[in-house]
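Q: Input: one structure, supplied below.
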Amino acid sequence: MAGHVYIMASAKNGTLYVGMTSDLSRRIHEHKTSQTPGFASRYGCHRLVWYEEHSDIRDAITREKTIKRWPRRWKIALIESLNPDWNELYRGVGW
């Protein structure tokens, strides 16, 4: 089973949330509509600014845990390496 690791942000250089899911479209929709109470909802992390796909969900879990331990500046560098303007990457349900 495949998996995705992703980073949500409240705004450019704002609060960051690192997550992992087997269904990126569904999970981001849940974040955007605050369907799941928690950190991302509480701090307004509704903008998908970075993600990567893994063919094995176990690799995605490992990568998520690794990134969560990183200092903030490393996470920002990761985002800006692929999305320097912190544009919204989510394109809607079923994307």
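Q: Looking only at the stretch 13-28, which residues are among the hydroxyl-bearing types (S, T, Y) and either at pLDDT 95 or above or within 9 Å of the chain's Cα centre (by Cα) (or both)?
A: Step one: list which residues in the stretch 13-28 are among the hydroxyl-bearing types (S, T, Y), which gives 15, 17, 21-22, 25.
Of everything in the stretch 13-28, those that are among the hydroxyl-bearing types (S, T, Y) and either at pLDDT 95 or above or within 9 Å of the chain's Cα centre (by Cα) (or both) turn out to be T15, Y17, T21, S22.
Q: Also, I was wondering about something else. Could you please tell me which pairs satisfy a Cβ distance under 6 Å, a separation of 6+ or placement on different chains, a first residue in the stretch 60-75 that is more than 13 Å from L16 (Cα to Cα), and a second residue that is not aliphatic (A, V, I, L, M)?
A: The qualifying pairs are A60/G3; A60/H54.
Q: Tell me the helices (runs of 4 or more DSSP H) entirely within the stretch 29-95 that contain at least 1 residues that are exposed (fewer than 11 other Cβ atoms within 10 Å of the Cβ) and either of a type outside the set (V, I, T) or modelled with pLDDT of 95 or more (or both). Steps first, answer last, please.
A: Working: elements: 39-42, 57-69, 72-82.
Those helices (runs of 4 or more DSSP H) span 57-69, 72-82.
Q: Next question. So the check is Cβ under 7 Å with 6+ separation or different chains; which pairs have a first residue in the stretch 26-43 that's farther than 13 Å from H4 by Cβ and a second one that's assigned to a helix (DSSP H, G or I)?
A: S34/S41; T36/E30; A40/H31
Q: Scan the stretch 1-12 for residues that are surrounded by 12 or more Cβ atoms within 10 Å (Cβ to Cβ) and either at pLDDT below 95 or part of a strand (DSSP E or B) (or both) and report the count.
A: In the first step, residues of the stretch 1-12 are kept if they are surrounded by 12 or more Cβ atoms within 10 Å (Cβ to Cβ); the result is 2-12.
This time we only want the ones that are either at pLDDT below 95 or part of a strand (DSSP E or B) (or both), so: 3-9.
Summing the residues that are surrounded by 12 or more Cβ atoms within 10 Å (Cβ to Cβ) and either at pLDDT below 95 or part of a strand (DSSP E or B) (or both) in the stretch 1-12 gives 7.
The values are calculated or read from the model by the stated rules, or taken from the named source; none is laboratory data. Just so it is clear, the structure is predicted and the values come from calculations on it, not from any experiment. So basically every Cβ, Gly included, is an ideal-geometry build from the backbone, and we count neighbours across all protein chains shown.
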